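Here the structure is laid out as structure tokens; the discussion comes afterwards.
Each reported figure results from applying straightforward, stated rules to the coordinates on display, with no laboratory input. Predicted, not measured: the structure shown is a model, and the values here were computed from it. Here the Cβ is made from the backbone with ideal geometry for all residues, glycine too, and neighbour counts use every protein chain on show.
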Amino acid sequence: MQHRGGTVDSGKPAAEDDSAAWQRPAAPPPGLGPASDDPLCWLSGHTRLSEGAADLGEIHFVLLVSRQGKVRLTKWYTPYPQKQRSKIIKEISTLVLTRGPKLCNFVDWQGYRVVYKRYASLYFCMCIDPADNELETLQIIHHYVEILDRYFGNVCELDLIFNFHKAYFILDEILIAGELQESNKKSVLRLVTTQDALVEAAKEKAGSLRNIIAQATK
Amino acid sequence: MASNSPFKPKSSRASSQIPPPPPPPSASQIRPAVVVLLVRPCGGEIPRRPALDSVERIVEDFAMDLAINPFSSGTRLRDMIRAIRACKTAAEERAVVRRECAAIRAAISEGDQDYRHRNMAKLMFIHMLGYPTHFGQMECLKLIAAAGFPEKRIGYLGLTLLLDERQEVLMLVTNSLKQDLNHSNQFIVGLALCALGNICSAEMARDLAPEVERLLQNRDPNTKKKAALCSIRIVRKVPDLAENFMSAAASLLKEKHHGVLISAVQLCMELCKASYEALEYLRKNCLEGLVRILRDVSNSSYAPEYDIGGITDPFLHIRVLKLMRILGQGDADCSEYINDILAQVSTKTESNKNAGNAILYECVETIMGIEATSGLRVLAINILGRFLSNRDNNIRYVALNMLTKAIAVDTQAVQRHRATILECVKDADVSIRKRALELVYLLVNDTNVKPLTKELVDYLEVSDQDFKEDLTAKICSIVEKFSMDKLWYLDQMFRVLSLAGNYIKDDVWHALIVLMSNASELQGYSVRSLYKALQASGEQESLVRVAVWCIGEYGEMLVNNLSMLDMEEPITVTESDAVDAVEATLQRYSADVTTRAMCLVSLLKLSSRFPPTSERIKDIVAQNKGNTVLELQQRSIEFSSIIQRHQSIKSSLLERMPVLDEANYLVKRAASTQAAVSSLNSAPAATSGGPFKLPNGVAKPPPAPLADLLDLSSDDAPVTTSSPTTARNDFLQDLLGIGLTDSSPIGGAPSTSNDILMDLLSIGSSPVQNGPPTSNSSLPAIETKPVPVKPQVVDLLDGLSSSTSLPDENAAYPTITAFQSATLRITFSFKKQPGKPQETTINASFTNLATTTFTDFVFQAAVPKFIQLRLDPASSSTLPASGNGSVTQSLSVTNNQHGQKPLAMRIRMSYKVNGEDRLEQGQISNFPAGL
């Protein structure tokens, strides 16, 4: 409102009181970043470090699905919100289960790569960065399966259903933060069984204590 | 309770059944058959021996549980799983889960301790099935805070499964984690490290980094390796902490334990990514150690525990190679230092097993990544060549993957494998096909583009439906990139259109039309080829559209065999054949609205090209007058009206379209693919060409982007956000040729009626938009009424024949009374410079209605930011009384959002009456539309 006669640029003075109100419709709505499609981008405030040097990514998640599409194990090393998780599981299962035999063990999925391998009725899937070593990931899957097999003795799907927590315990001795922890199968088995024994010892102790109390209070 | 099934003594099972434990599977190779996983479908078929075992096992366990724990209450984990598995329907399963959840909730609210970990195990299972389990999160924390190892073990597992790092609950666990990291029991420390490594957030990373750092020096190798991996997560979350871990990581590389080495190497990689300083430090201090590790492990004699396929610990190999790549990247000294060992690994590693190939693959990648000698690179490329001819799909897949990267290093070497790669495009496996296609795309250059394209197009004929989309996109992209030879480009495009017209993106065929429009010597050839293709494969949508457009535009070339090429065979097509073809397309059940609309336009044009068919076309068009699709109905009605009532202008209206501006289209296409429609940039470019005349005397606007001309509103990608009302205004102004430039409402789907009008005009090459005002004088046939009309669509057309005089340009906008009070009146009159639609010159005239003279009169104005305003000096600062003369002042306004937003202005007038200050203000919102 401060324009005097003469050449005055209107932009500045108008900004004082009412231009803000006038300006509002002119400003474009904050667009959703094109990156919002990236499943990993919007999950957390931090930017993924692996983006710069994308060739050394960790394993983003591990997924075990049966041939019927039932989830047998999921382990997330990159944080996804719950809703996203079930969406991913659905996508990956359909992707992997529909692939015929004798095809290669890798599928592209949303800019990532899923390495999968079928053992009997179970599909073991791991999601890695596209530049990571697919063959090695395959070897890691096999590593896990061999350890499961030794632990359960001829492992089958039912073992993993009823003892799913054991499968998790073993996985935790093989992978942490999506990185490999131990290449020695025996050493993994030893660690798991030692911890199992610890649990049993504690149980027995508690059991006997309980019995003593029960006897005493009878 | 002792008998909780998750913690059932393993001995009970091991001792009671499966007398001879199966021999451990040979670890030598990846073959599913080696590791026997027994197929036991969930369906409940009769299980074979091992399943029987497990049934027995279950029964025995149950019996044992009963024996040991007669007081057990609630269902056990095993029972719950069994109950869930027995459910036949999803509803049943939900019911079971609901029951269990209710029981668990009750137990939680009672603070039940005995069954806490069993409940947690159940919750984890329920969680895995996809049911909500948030109510159990606090239980995790309680279990973790408990003293015993069993509780902690299940608690930490629950923590990593049920929570993710975004949950607030996680903050509460930091304290427990801290305590456990300092615990004397190494297994409890291990649990805490594992949980931290898997779920740690940035805050936790900062809080617990010192503990983890300390644990890197722990005596126990298992704790060390876990701490190292946990540090990776911490550094990922808080890169600033990287330097704290540098020296510890370097010293871990001196260990012997493979687990520790693997973890340490990975930690080093993470540190290099996070901090340049760490990278330099590791280059200086670790390279020697890494080479030693790699040499030792690759020369080591048979080590049964690490052996995979005859190779000792491929995992360690691979990780060391990866770290070497990071250290050697862009550093000649480091690269030279590791040259020898890389050569050794790449020559000595056996490649008959997956493990060996994995190492070779990593080795090749490292050689490509560092400043390797040329000899080493040749070695690497040769390995890839071997991979490519391997029968194993996995190996071929990674070879293609690697070649894609290698192409930047050595194009020639990759070109040598072109034939093999091309074969991979036709592989049965879609993953391999995609990789190969990407690689082929990169391999295309000027010399090989023709044979490669031919191969790809040939393959398009037989490829899977799923793959056609990818393949088509790549072919189109290749063909467009190398479209110097227009005839070749057209031929390829016609083939692709015929084979996969349904998969072609709109912008591709739009570009094709633009090109044809520019290649006048090839138009005859194009229309004849397309006509033939249309006869052969009329089900390909994009082909149909392009063909129909061409027949409409270049129909006479089709019929008369005009501008024949040497190699072309003349074809006999009669005028009615051409109409037949378009009619058949219009009638075809699968044609969509856009295609049908294009058919109608094409028919209309043919009616002018081939006068004898005019009657027939009139009937065909008339048939669609009752079409339920508004778009088609409207077109039909309008076109009928043109055919019947406007014979005089029909021929000029239905002239061939002007040559489309290629450069402009490309700019626009690029803009639309970026999804950023910045219309303001392209608008001045469109007008800069200036008007020029066509033979029929109709002023031709600068070539407008194709999309507008074709009116692709129904499927046009770059739909802008302009509101329908403004679009309407714009259109009216455009129609009237007032000289407004705005291309923003292009493809504005909400305003179909406008588009139709646009379309109508486009048919006759008359100003579609941004027609400069000078064109008005050269448009004797089209006479229009001035602005503030709200004409109905058809009226406008009819208005063409009624005769009103061409309005004076300056009167295009009526003079308005901008402000009126008891004492003062302000009127605005408007003037626009031709070709500058955004700019308006406003002539303000102030009149004093009072009986006293105003002195020191000052007029002020304010505008929103998208408008620029310049005020010229007023003719006087004194306003004579009683309207005896007025003061004028001119204002220049530039509306930067012209066409999207109307002008708006606030004004304030200050003056003195008898020495007394007066102030009046107001807002002007009655500007004529389109300023």
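Would you give the gap between the C-alpha center of region B:518-574 and the C-alpha center of region B:357-382, rounded to a whole Å? The two parts, judged by their Cα centres, are 53 Å apart. Each of A:72, B:214, B:219 has some number of other Cβ atoms within 10 Å of its Cβ, and from fewest to most they run B:219, B:214, A:72. Three semi-axes describe the equivalent ellipsoid of region A:54-201; taken as square roots of 5 times the Cα gyration tensor eigenvalues and ordered largest first, they are 25, 17, 15 Å. Quick one: in region B:566-629, what % of C-alpha pairs are over 14 Å apart? When all Cα pairs of region B:566-629 are counted, 58 percent exceed 14 Å.
Based on the Kirkwood approach, the hydrodynamic radius assigned to region B:347-462 is 14.6 Å, with every pair of different Cα atoms included. Its Cα gyration tensor gives region B:813-924 an equivalent ellipsoid, and the semi-axes of that ellipsoid, as √(5λ) in whole Å with the largest first, are 27, 14, 12. Quote the FRET efficiency, to the nearest 0.05, computed for residue B:878 versus residue B:926 with a Förster distance R0 of 25 Å and r equal to the Cβ-Cβ distance. It comes out at approximately 0.35. Put simply, the amide H of residue A:176, placed in the peptide plane, has neighbours under 5 Å in A:181, leaving out anything fewer than 5 places away on its chain.
Inter-part distance, region A:105-119 to region B:877-916, computed on C-alpha centroids, equals 70 Å. As a quick test, which of the pairs B:474/B:625; B:322/B:353; A:166/B:225; A:75/B:505 have an alpha carbon distance above 31 angstrom in this structure? Too far apart for the 31 Å limit: B:474/B:625; A:75/B:505. Exceedance of the 31 Å cut-off in Cα-Cα distance is limited, within the set A:83/B:901; B:142/B:226; B:254/B:434; B:152/B:254, to A:83/B:901; B:254/B:434; B:152/B:254.
For the residues of B:125-138, the average number of beta carbons from a partner chain within 10 Å of their own beta carbon is 2. Cβ-to-Cβ counts within 10 Å put B:826, B:637, B:359 in ascending order as B:637, B:826, B:359, the fewest first.
Inverting the pair-averaged 1/r between distinct Cα atoms of region B:240-286 gives 10.3 Å as its Kirkwood hydrodynamic radius.
For region B:398-415, backbone phi angles converted through the Karplus equation (6.51, -1.76, 1.60; θ = phi - 60°) give residue-by-residue couplings of 5, 5, 4, 4, 6, 4, 4, 7, 5, 4, 6, 7, 8, 5, 4, 4, 6, 4 Hz, Gly and Pro being listed as x. Each peptide among B:300-306, A:192-198 gets the average number of other Cβ atoms lying within 10 Å of its residues, and from highest to lowest they stand as A:192-198, B:300-306. Phi-derived couplings, Karplus 6.51 cos²θ - 1.76 cosθ + 1.60 at θ = phi - 60°, listed residue by residue for region B:641-652: 4, 5, 5, 7, 10, 10, 4, 5, 9, 4, 5, 6 Hz, with x used for Gly and Pro.
Take every residue in peptide B:907-913, count the Cβ atoms of other chains within 10 Å of its Cβ, and give the average of those counts.
Values: counts 2, 3, 0, 2, 0, 0, 0.
Taking the mean over all residues of the peptide, I get 1.
Each of B:120, B:484, B:657 has some number of other Cβ atoms within 10 Å of its Cβ, and from fewest to most they run B:484, B:657, B:120.
Using every pair of distinct Cα positions in region B:553-673, the Kirkwood expression returns a hydrodynamic radius of 15.9 angstrom.
Entry note: region B:875-931 has Rg to Rh equal to 1.08, where both radii use alpha-carbon atoms and Rh is the Kirkwood radius. Here's how it looks for residue B:819: its modeled amide H is under 5 Å from those of B:826, which are all 5 or more places away or on a different chain.
Scaled against the 2.2 N^0.38 Å expected of a compact globular protein of N residues, the Cα radius of gyration of region B:445-581 reads 1.02. For region B:555-565, the Karplus equation 6.51 cos²θ - 1.76 cosθ + 1.60, evaluated at θ = phi - 60°, returns couplings of x, 5, 5, 5, 6, 9, 6, 6, 5, 6, 8 Hz by residue, with Gly and Pro reported as x.
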